[in-house]
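**Q** Take this structure first; my questions come after.
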Ligand SMILES: [Zn+2]
C-alpha cells in the first residue's frame, strides 16, 4: 500500500524511461552533457514538467527550468532540482532522482489542489558532471553569474568546444548576461540526490539529511625529470618523475588517513607517464589530486603538508614541478531553517533521519553561494555510484521524493508568512 502522497509508480516509470536514453547496458547509461542523448532526455523531461503544470524552457546556458507561479509571483521562489547528464559509465539514479523528484513534488501539489503561496521552480541543470569539458556545475554557475574566463573554449576529447556543443544544444552565449538570475529570485534551494557513499546503508536508513558539502581542492601536478635508458643510467644519476609521483601518492594516502575520525579523503585518480615505455626512465608525469574535507582549517593544513611533500619528493629525484589549482571550494553548510523543514517532514512521516555530510559536490554547491539550500540523500547499494551497478531501491527513492514534497510545502508556507524584505 502506498503511504505517500507522491506517486511511486510514476517516479519509477520516469526513471526507467530516462535510463533508455543513452543506454549502454542493462542498467548502464552514458548521457554526456550537451550531447544528442542529453538533448533527447531534456526534451522528455520538459514534457513531464509541462504535464506537472510547470512552464518550461531551456535557457541560454542549456539549463531546463520549469516555473509554477505562486499566489505572490514577486516572492523569491522555492527551487528544487539537480541534473540529468551523466558520467560516461554511469547508472540510472545520480542526479536523475533529484529532477524527477522535484517534478513529482509539483505534480503532487497540483493533484492535491495545493496552490503555492510563492513561485516554485524546477531545474535540470546543464553539465553538472563536468567529465566532457573537465569542469562541472556549468549550467548552475551560468545561471548565477559564476562562469569563469575561457570556459566556452574548453574542448572535449574529440576537439568539440563547449561553445560549439552549447549552440548545437540550443544554448545562446549572446544571451548569457540577460539570463543570469538577479539576487532574490530564488529564496531556497532543495536537492534530492543519491548518497553515492556507504554511510546510510551502514546505518540501515533509507534517507538522510545533509549537513553540508565538503569542499574539493583539485590540482593538476606536473613533474619533470629526464629520460634515459633503463638499463644503463645508475640510480644516483636518475631524474625519475614517476618514482617521485609514487612517493607523493603514498604520502597523500597517509595524510588523508591520519585522523580516522575525520571525513578527510584524498585521491590521485588520473596519472599520465611520458614516454610510457618499459625501458625508458619516466621523464614527465602528470597526475591529479582531489582533496576534500568538511573542515576547511584541517584541509588547509593538509594542503600545506602536501605541498611540502611534493617539494621534497621532487628534490629527491632532481625534478622541477608545477601545481595547477583547477578548483578550490570551501565547505558549504546547509541552512538551519531548511534542515528544520526536512527534519519536521521526516518526523511527520515517522522516519528516522540520520545527518551526514556530502563528500561529492552537487549543483547545491553553486546554489549555496546564492541562497539558502538543503539536501536529502537517498541510500544507495554498497555506496556504488558513477557505475552501471549504481542502485537505489524504489521504496527509498519514493520516500526521498515524499520528504522533498513535504519539505517544499513547508518552505512555501513559511515564505508566505515571512516579513517583507526592506526595499
Ligand atoms: Zn549527481
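**Q** Per DSSP H run of at least 4 residues, take -39500 (n - 2.57); add these up for the chain, divide by its residues and hand me the 222 nm value, nearest 500 deg cm²/dmol. Intermediate values should be presented prior to the final figure.
**A** Working: 12 runs with 147 residues, N = 423.
It comes out at -11000 deg cm²/dmol, rounded to the nearest 500.
**Q** If you average 1/r over all unlike Cα pairs in the range 104-214 and invert the result, what Kirkwood radius do you get in angstrom? Intermediate values should be presented prior to the final figure.
**A** Numbers: mean 1/r = 0.0580 Å⁻¹.
For the range 104-214, the Kirkwood estimate is 17.2 Å.
**Q** Multiply the residue separation of residue 337 and residue 324 by 0.36 nm, subtract the distance between their alpha-carbon atoms, and state the gained length in nm to one decimal.
**A** 0.9 nm
**Q** Say a paramagnetic label sat at a point 7 Å from the Cα of residue 258, along Cα to Cβ; which residues of the range 268-299 have their backbone N under 19 Å from it?
**A** 268, 289-299
**Q** Assuming a viscosity of 1.002 mPa s and a temperature of 20 °C, what translational diffusion coefficient in µm² per second does Stokes-Einstein assign to the range 24-125, Rh being the Kirkwood radius over Cα pairs?
**A** Working: Rh = 14.0 Å.
My calculation gives 153 µm²/s for D.
**Q** Would you mind putting 126-138, 306-318, 241-253 in packing order, based on average other-beta-carbon counts within 10 Å, highest first? It would help to have the intermediate numbers written out before the result.
**A** On the way: 126-138: 23.6, 306-318: 16.2, 241-253: 19.2.
Result, highest mean Cβ count within 10 Å first: 126-138, 241-253, 306-318.
**Q** Related question: Does anyone have the angle between helix 96-111 and the longest principal axis of the chain? Alpha-carbon axes, 0 to 90°, nearest 10?
**A** 10 degrees
**Q** For residue 51 and residue 250, calculate 0.36 nm times their separation in residues minus their Cα-Cα distance, and state this gained length in nm to one decimal. Don't skip to the end; give the middle numbers.
**A** Numbers: separation 199, 0.36 × 199 = 71.64 nm, distance 5.30 nm.
Additional length available on full extension: 66.3 nm.
**Q** As an exercise, take the mean of 1/r over every pair of distinct alpha carbons in the range 215-328, invert it, and state the Kirkwood radius in angstroms.
**A** Details: mean 1/r = 0.0685 Å⁻¹.
After inverting the mean inverse Cα-Cα distance, the result is 14.6 Å.
**Q** Using the 10 angstrom Cβ neighbour count as an exposure proxy, how do 6, 160 rank, fewest first?
**A** Numbers: 6 23, 160 16.
Listed from fewest to most nearby Cβ atoms, that is 160, 6.
**Q** Starting from a Cα-only point model with no solvent, please compute log10 I(q)/I(0) by Debye for the chain at q = 0.11 1/Å.
**A** For the chain at q = 0.11 Å⁻¹, log10 I(q)/I(0) is -0.85.
**Q** Mind checking the angle between helix 336-348 and the chain's longest principal axis? C-alpha axes, 0 to 90 degrees, to the nearest 10.
**A** 60 degrees
**Q** Which of rounded, prolate or oblate describes the range 142-288 when judged by the alpha-carbon gyration tensor and an a/c cut-off of 1.5?
**A** Details: a/c = 3.08, a/b = 1.44, b/c = 2.13.
Oblate shape, in that a/c is at least 1.5 and b/c is the bigger or equal ratio.
**Q** Quick check: the angle from helix 8-19's long axis to the longest principal axis of the chain, C-alpha only, nearest 10 degrees?
**A** Helix 8-19 sits at roughly 40 degrees to that axis.
**Q** Going by Cα centres, the range 1-38 and the range 194-224 are how many Å apart?
**A** So the two Cα centres are separated by 23 Å.
**Q** Still on this structure, I have one more. For residue 220 and residue 273, compute 0.36 nm times the residue count separating them, minus their Cα-Cα distance, and round to one decimal in nm.
**A** Working: separation 53, 0.36 × 53 = 19.08 nm, distance 1.35 nm.
Taking residue 220 through residue 273 to full extension adds about 17.7 nm, to one decimal.
**Q** Considering only DSSP beta bridges where both residues belong to the chain, give the percentage that are antiparallel (nearest 5). Show your work: numbers first, answer last.
**A** On the way: 44 of 64 bridges.
Among the beta bridges of the chain, antiparallel pairing accounts for roughly 70 percent.
**Q** While we're here: Which one, 301, 57, 292, has the greatest fluctuation when you compute a Gaussian network model over the chain with C-alpha springs under 10 angstrom?
**A** 301
Read-outs throughout are calculated quantities, based only on the coordinates presented, and are distinct from any laboratory measurement. Bear in mind that the values here come from a model prediction, so they are computed numbers and not experimental data. As a convention, Cβ positions derive from the backbone with ideal geometry for all residues, glycine included, and neighbour counts pool all protein chains shown.
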